Amino acid sequence: MQTLVSIVEDHAPLRQILAEWIEQAADMTLGRTYPDAETALAHLPQNPADVVLMDINLPGQNGIE
């Protein structure tokens, strides 16, 4: 069974590295990637994931909120 993983990370190079790791994992599928919490919150209801990797130190709304 594949686990669908989305990423919320404002640092683009790190977001890309995480996405590549997930794409290489046999039991995970990359969902969507988001640069900030506001964009993620707007799109995740229409594109749900099993797991969301969330940066907690985001600009604007932080990942804990």
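The values are calculated or read from the model by the stated rules, or taken from the named source; none is laboratory data. As the structure is a prediction and not an experimental result, all values here were calculated from the model. So basically every Cβ, Gly included, is an ideal-geometry build from the backbone, and we count neighbours across all protein chains shown. Heavy atoms of the whole protein, side chains included, go into the accessibility calculation; ligands, DNA and RNA do not. Shrake-Rupley method; radii C 1.70, N 1.55, O 1.52, S 1.80 Å.
Considering amide H positions built from the backbone, and no H for Pro or chain starts, which residues 5 or more places from Gly31, or on another chain, come under 5 Å of its amide H?
Those lying under 5 Å, H to H, from Gly31 are Val5, Ser6.
Would you mind getting the accessible area per residue of the chain, heavy atoms of the protein chains only, 1.4 Å probe, in Å²?
Normalised by residue count, the accessible surface of the chain is 65 Å².
At 222 nm, what helix-only mean residue ellipticity would the chain give, in deg cm²/dmol to the nearest 500, using -39500 (n - 2.57) for each DSSP H run of four or more?
-9000 deg cm²/dmol
Just the number, please: carbon plus sulfur as a percent of the accessible area of the chain, 1.4 Å probe, no ligands or DNA/RNA counted.
57
Could you tell me the calculated FRET efficiency between Met1 and His43, based on Cβ-Cβ distance and R0 = 22 angstrom, to the nearest 0.05?
The value I calculate is 0.40.
Stokes-Einstein diffusion coefficient for the chain at 20 °C in a medium of 1.002 mPa s, Rh from the Kirkwood formula over Cα pairs: what value in µm²/s?
182
Specify the angular offset, from 0 to 90 degrees and rounded to the nearest 10, of the alpha carbon long axis of helix 12-24 from the longest principal axis of the alpha carbons in the chain.
20
Using a simple charge model, +1 on the beta-carbon of Lys and Arg, -1 on the beta-carbon of Asp and Glu, nothing else, what dipole does the chain show about its Cα centre, in debye to the nearest 20?
100
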